[in-house]
Amino acid sequence: MVTKKPEGGKKMGKGNALGGWAFLIGVVLAVIFGFVAPAGAWFPWLMVIIGLIVGLLNITDEETQPFLMAGTVLVIVSALGGDVFSEVAFLGPMLSNINMLFVPATIITALKSVFSLAKR
């Protein structure tokens, strides 16, 4: 069921809306928990699950290549930046949190791309 068509021309279905919200929530959580460390082991799992949702529901076939390029660069830079800025109170943990979100999303998108290519 198509609910609306945004300015970019992308049709928004229920899956796309959920993926969009998951992306927004994941980035907000990455920033918030960069400032305040969460207690317990639940946070990395939450970020991985949100990243999987983003990769499965938010990236269309047309967006695959740009997302893979941007996602790969973001994962590399946030991993290296997390090491470089590990001494900065919030920046190191925030970059690590972003990595927890984007690594699964990028892996799922890459796998979807490989399966799409294998079908041809």
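The values are calculated or read from the model by the stated rules, or taken from the named source; none is laboratory data. A quick note: this is a predicted structure, and the numbers were derived from the prediction, not measured. Reconstructed Cβ throughout: ideal geometry from the backbone, glycine too, with neighbour counts over all protein chains shown.
Checking TRP45 against (1) within 17 Å of ASN16 (Cα to Cα); (2) surrounded by 11 or more Cβ atoms within 10 Å (Cβ to Cβ); (3) free of Cβ contacts under 8 Å to residues at least 24 places away in the same chain: exactly one of these is not met. Which one? The failed condition is (1). For residues that are among the small types (Gly, Ala, Ser) and in a helix (DSSP H, G or I), scanning just region 27-47, find the one that is nearest to LYS112 (Cα to Cα). My answer is ALA30. Residues of region 20-52 that are aromatic (Phe, Trp, Tyr) and more than 10 Å from the chain's Cα centre (by Cα): TRP21, PHE33, PHE35, TRP42, PHE43, TRP45.
Checked against (1) free of Cβ contacts under 8 Å to residues at least 60 places away in the same chain; (2) buried (at least 16 other Cβ atoms within 10 Å of the Cβ); (3) under 23 Å from ASN16 (Cα atoms), GLY81 meets all criteria but (3). Only a single item in (1) under 13 Å from ALA105 (Cα atoms); (2) exposed (fewer than 14 other Cβ atoms within 10 Å of the Cβ) is not met by GLY19, and it is number (2).
Could you check region 97-120 and list, in sequence order, the residues that are of a type in the set (Lys, Arg) and surrounded by fewer than 15 Cβ atoms within 10 Å (Cβ to Cβ)?
Selection gives LYS119, ARG120.
Criterion first (hydroxyl-bearing (Ser, Thr, Tyr), over 11 Å from the mean Cα position of the chain (by Cα) and over 23 Å from ALA17 (Cβ atoms)) does SER86 satisfy it? Judged against the criteria, SER86 is a match.
Scanning region 58-77 for residues being surrounded by 15 or more Cβ atoms within 10 Å (Cβ to Cβ), at pLDDT 90 or above, hydrophobic (A, V, I, L, M, F, W, C) and over 14 Å from ASN97 (Cβ atoms) gives a total of 2.
Scanning region 78-102 for residues that are among the aromatic types (Phe, Trp, Tyr) and at pLDDT 90 or above turns up just one, PHE102.
Residues checked against (1) at pLDDT 90 or above; (2) over 22 Å from GLY92 (Cβ atoms):
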position: GLY20; (1), (2): no, yes
position: VAL27; (1), (2): yes, no
position: VAL31; (1), (2): yes, no
position: PHE35; (1), (2): yes, no
position: PRO38; (1), (2): no, no
position: PHE43; (1), (2): yes, no
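If the condition is being within 19 Å of ALA30 (Cα to Cα) and not in a helix (DSSP H, G or I), then region 48-71 contributes only ASN58. When restricted to residues that are within 20 Å of LEU29 (Cβ to Cβ) and in a helix (DSSP H, G or I), region 72-108 contains 25.
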